[in-house]
Amino acid sequence: MTLKLRCEDYGFECEYILDEGKTLGLIEKLRNHFEEEHGIDYTIEAVTQMITNKGHSLESIKK
Ligand SMILES: [Zn+2]
């Protein structure tokens, strides 16, 4: 099962889209994108919260 995450859904004018399996790596990729492209250093916990706030279930992700 994959999860599609659009950067623009998180408040940026940005075309970046992640479409990958639900793993911790997916969250890390989005976090790294926010840092590298937008200069915002969110924590993994903050990014996880942002994704779940969009209605995505992340319960299946193994830490
Ligand atoms: Zn972006």
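The values are calculated or read from the model by the stated rules, or taken from the named source; none is laboratory data. None of these values were measured; they are calculated from a predicted model. Please note: Cβ atoms are built from the backbone with ideal geometry, for glycine as well, and neighbour counts cover all protein chains shown. Quick note on the areas: whole protein, heavy atoms, side chains included, nothing else; ligands and nucleic acids left out. Shrake-Rupley method; radii C 1.70, N 1.55, O 1.52, S 1.80 Å.
Using a probe of 1.4 Å on the protein chains alone, the accessible area found for LEU3 is around 10 Å². A Stokes-Einstein calculation at 20 °C with viscosity 1.002 mPa s, built on the Kirkwood radius of the chain over Cα pairs, returns a diffusion coefficient of 183 µm²/s. Note on the chain: helix-only mean residue ellipticity at 222 nm, from DSSP H runs of 4+ residues weighted -39500 (n - 2.57) and normalised by residue number, equals -12500 deg cm²/dmol. Roughly how much of PHE12 is accessible, in Å² to the nearest 10, using a 1.4 Å probe? For PHE12, solvent-accessible area is about 30 Å². For the set TYR16, TYR10, solvent exposure ranked by accessible area (probe 1.4 Å, protein chains only) runs largest to smallest as TYR16, TYR10. Surface composition of the chain: carbon and sulfur atoms hold 45% of the protein heavy-atom accessible area at a 1.4 Å probe. Ligands, DNA and RNA excluded, the heavy atoms of GLU36 present near 140 Å² of accessible surface to a 1.4 Å solvent probe.
Charges were assigned to the Cβ only: +1 to each Lys and Arg, -1 to each Asp and Glu. The resulting dipole of the chain about its Cα centre is roughly 400 debye.
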